[in-house]
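All of the numbers you see were taken from the coordinates with simple rules; none came from a lab. Just so it is clear, the model here is predicted, and its values are computed rather than measured. Here the Cβ is made from the backbone with ideal geometry for all residues, glycine too, and neighbour counts use every protein chain on show.
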């Protein structure tokens with residue numbers, strides 16, 4: 001399992017100004033069911049001026065605090081048991097799926113640089129995966145993504161920890177063909 005961490009700032013109203021230091025931070029933990037996969041946690045924190053209490057986050061989600069899916073604005077402390085989810089497994093799978101789809105149209109003469117995601121053929125170059133968030137994600141899984149979380153990070157966590165392998169059968173929607181962004185269906189080699 002993994003945990004999506006959403007941080008909300010407190011509202012700046014009269015009650016907050018008068019009694020703000022006496023109001024405890026709100027922590028709302030939900031278990032989100034995933035179709036054809038394992039569930040994940042979604043922890044919503046209403047943080048004070050001091051930020052998020054990550055000891056409380058570890059208390060709420062346990063070992064899943066080592067695999068937090070967060071947006072880029074949240075700074076994680078250097079503390080045991082807390083870490084951001086980072087993985088390129090889904091990215092490599094998407095690059096290979098897209099390359100396989102393009103190579104069917106080209107034939108055996110093309111050269112595919114798997115490390116950089118580049119296909120060269122008769123003077124044409126295709127760069128695959130320049131935008132990690134530009135891939136086909138089934139709507140049933142994309143609708144589960146909380147607001148403010150990057151699409152790729154969320155899909156990669158679903159793929160690795162929830163066993164949603166249908167995301168790994170997808171490919172990138174657009175590629176860079178000779179320096180120009182094109183839809184994968186509009187890439188023709190001559």
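Secondary-structure-derived ellipticity at 222 nm for the chain, considering helices only, amounts to -7000 deg cm²/dmol, per-run term -39500 (n - 2.57) for DSSP H runs with n ≥ 4. Take the Cα of residue 31, step 7 Å toward its Cβ, do the same at residue 181, and the gap between the two points is 4.1 nm.
When the Debye formula is applied to the Cα atoms of the chain, each taken as the same point scatterer, what base-10 log of I(q)/I(0) results at q = 0.08, 0.11, 0.13 Å⁻¹? Listed by q, the Debye log ratios stand at -0.36, -0.61, -0.76. Highest average first, the peptides 49-58, 101-110 ordered by how many other beta carbon atoms sit within 10 Å of their residues are 49-58, 101-110. With respect to the chain, whose longest principal axis is taken over its alpha-carbon atoms, helix 89-106 is tilted by about 20°.
Decide, for segment 89-186, between rounded, prolate and oblate: order the square roots of the alpha carbon gyration tensor eigenvalues as a ≥ b ≥ c, take rounded if a/c falls under 1.5, and otherwise choose prolate if a/b is larger than b/c, else oblate. Because a/c hits 1.5 or more and a/b exceeds b/c, segment 89-186 counts as prolate. Once the C-beta distance of residue 111 and residue 166 is scaled by a Förster radius of 25 Å, the resulting FRET efficiency is 0.25 to the nearest 0.05.
Taken as Cα centroids, segment 94-115 and segment 133-184 sit 19 Å apart, rounded to the nearest whole angstrom. Protection proxy ranking for 76-84, 117-125, using the average of other Cβ atoms within 10 Å per residue and placing the highest first: 117-125, 76-84.
Angle of helix 151-161 to the longest C-alpha principal axis of the chain, folded into 0 to 90 degrees and rounded to 10: 90°. When DSSP beta bridges are restricted to pairs lying wholly in the chain, around 70% turn out antiparallel. Averaging the sequence gap over all C-alpha pairs within less than 8 Å and six or more residues apart, then dividing by the number of residues, gives the chain a relative contact order of 22 percent.
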